1. Give all pairs with beta carbons closer than 7 Å in which a residue from segment 58-74 that is over 15 Å from S110 (Cβ atoms) meets a residue that is open to solvent by 20 Å² or more (accessible area, probe 1.4 Å) and of a type in the set (K, R); count only pairs at least 6 apart in sequence or on separate chains.
2. Answer yes or no as to whether A412 is among the small types (G, A, S) and more than 28 Å from F444 (Cα to Cα).
3. Go through segment 209-222 and give me each residue that's touching a residue at least 40 places away in the same chain (Cβ under 8 Å) and either touching a Phe, Trp or Tyr at 6+ places or on another chain (Cβ under 8 Å) or open to solvent by 50 Å² or more (accessible area, probe 1.4 Å) (or both).
4. Only one residue in E285, E257, E269 is touching a residue at least 40 places away in the same chain (Cβ under 8 Å), farther than 21 Å from L204 by Cβ and charged (D, E, K, R), so which one is that?
5. Check F228, F242 and return the single one that is among the aromatic types (F, W, Y), touching a residue at least 24 places away in the same chain (Cβ under 8 Å) and within 23 Å of I471 (Cβ to Cβ).
6. For the structure I just gave you, tell me whether L332 is of a type outside the set (D, E), in contact with a helix residue (DSSP H, G or I) (Cβ under 8 Å, 6 or more places away or on another chain) and either in a strand (DSSP E or B) or buried (at least 17 other Cβ atoms within 10 Å of the Cβ) (or both).
7. The conditions are (1) closer than 13 Å to L270 by Cβ; (2) at pLDDT below 90; (3) in contact with a helix residue (DSSP H, G or I) (Cβ under 6 Å, 6 or more places away or on another chain), and T229 fails exactly one of them. Which is it?
Amino acid sequence: MPPRHRRRRRAHALAVALFLVGLLPLTAPTAARQDAVPVAGHPRLWITADDLPRLRSWATDANPFWRDGLAVLAETAKAEMDAGALPDDDPGDYVAGNSEAFAELFAFLSLIHPDEAAGQDYAQRARTLLMSMVTEAANGPAAGEPFRDPQFATSGRSRWWGEGFALTVDWIYPTLSAQDKETIRRVFLRWAEEIATTGYPDGLQNLTPNSAQTLDRGLMRWAGNNYFTAGMRNIGLMAMAFDPADDPDGALAAHLEHAIGARLRVVDELLRTDAAGGLAPEGFEYSPQTLAYIAQFLLALDTAGQDDPTRWGSQVDWRDNPFWDKLLPAYLHSLSPAPLVQPEAGVHAYLPAWYGDGQEYLAPDMIGVLGPLALLDARMGDPARLDAIRWIQTHLPPGGAEELVTERVGNAYVFRDAILYFLLFDPAAPPPRDPRPGLPLSHFAPGLGRLFARTSWAEDATWFTYALGWIGIDHQHAEGNQFEFYRNGEWLTKERTG
């Protein structure tokens, strides 16, 4: 055997052995935050008033994420509205339509657009779309009626775009009249109650932020479902969007206790135990969404000053949960050594060590979860992981760096993702560095029992995966004792994805 191959075998054997000690986090955990104070002004969800001068300075033709990205998307969205597609063509059911996504985009543009008149126009556009929806919803639940169906707040549309309602309210708060706010609050109260009592009520009712109650393991595992975490995000954002003066009895704000004390508490326990190691249970089709909704809620808690663990428990402090330190290594270890052409998608893409249900065999774009995580890192002064996430989001999604701005921002299907890309990439930041060479050659995620090992981080690496975990919620597969082997640029054996 040639010496090169012997070295690779020794390296591979060492990598397999290293899983016993796990993987060091990219960053060291910091002390729990004890000084959070609820923010009184607006905006306070994902961004604050202190961020606005900096973000407006990014909205120039010198910044490609604005010039070729967000500004292009803004013109496309505005043209659709001007042509009458919105809100008239939105059926208002719980699957089709996305007026709230357009409202969110316009609301964000109203904050950061460098031209004051344009900003005011975007704010009015956001208000028009928002009020067209909530005015209908305020008429009360009615099956099959636009924006009134009892499933509107709890089904697919609420996951895909549900954050848009609360973010729009927060981002255009001064534009809304007292009557607007009264109508919106009435709808938010009903939606929050429907989310809290639909789908996963058993075992959640009596949980409080700091109670010592033992969590049911079955319920804890179901907290890894994307509907569960989307409901948590949506309730939490709605509860934090209103000022006390406009929520006089505190009924809407009180729903934050359910979002944190019941849902986030159960989610936090899952990420520490049966999902420990950086991988969530639903696999690459749904876990990026599941984790994105958690990260988006955690970011909002931080920017709104609601992340004080002495009040809400340790679950509000994302730095206290080791899952988030393992997320990047787990994701990087889950991708093939080199991207390959995927004929179905027509792009170069990395091939994941897939698990769970799957429609297209492509490495997913993780901006929904890594964007909020990076913004939290930026707020806490963690440049290492922030830089790593910028590199990941530049090179690893389908299409790679060539499609970073034009496709993933300027032609984004999910407007939330375009906003997160704009927020992530400071135009003055130096080019990000590849974090992979600094990682060990193996990773073990004990929660799901998944092991990854490779001979190097080079494109010609040999790669091995093994799985022996648990199955108990949607989208999981019976894959115990499964192993996969990748060599010379292709899988020799792997789980079927499709």
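1. What qualifies is D61/R67.
2. Yes: the conditions hold for A412.
3. P209, N210, R217, L219, R221, W222 - these are the residues of segment 209-222 that are touching a residue at least 40 places away in the same chain (Cβ under 8 Å) and either touching a Phe, Trp or Tyr at 6+ places or on another chain (Cβ under 8 Å) or open to solvent by 50 Å² or more (accessible area, probe 1.4 Å) (or both).
4. Exactly one of E285, E257, E269 is touching a residue at least 40 places away in the same chain (Cβ under 8 Å), farther than 21 Å from L204 by Cβ and charged (D, E, K, R), namely E285.
5. So the residue among F228, F242 that is among the aromatic types (F, W, Y), touching a residue at least 24 places away in the same chain (Cβ under 8 Å) and within 23 Å of I471 (Cβ to Cβ) is F228.
6. So L332 passes the test.
7. So the condition that T229 fails would be (2).
Conditions (1) closer than 16 Å to G236 by Cα; (2) buried (at least 20 other Cβ atoms within 10 Å of the Cβ); (3) among the acidic types (D, E); (4) at pLDDT 95 or above, marked per residue:
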position: T135; (1), (2), (3), (4): no, no, no, yes
position: N139; (1), (2), (3), (4): no, no, no, yes
position: F147; (1), (2), (3), (4): no, yes, no, yes
position: S158; (1), (2), (3), (4): yes, yes, no, yes
position: A166; (1), (2), (3), (4): yes, yes, no, yes
position: W191; (1), (2), (3), (4): yes, yes, no, yes
position: T197; (1), (2), (3), (4): yes, no, no, no
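The values are calculated or read from the model by the stated rules, or taken from the named source; none is laboratory data. This one's a predicted model, so the numbers in the text were calculated from it and none came from an experiment. Methodologically, a virtual Cβ is constructed for each residue, glycine included, from the backbone with ideal geometry; neighbour enumeration extends over all protein chains shown. For accessibility, only protein heavy atoms count, side chains too; no ligands or nucleic acids. Shrake-Rupley method; radii C 1.70, N 1.55, O 1.52, S 1.80 Å.
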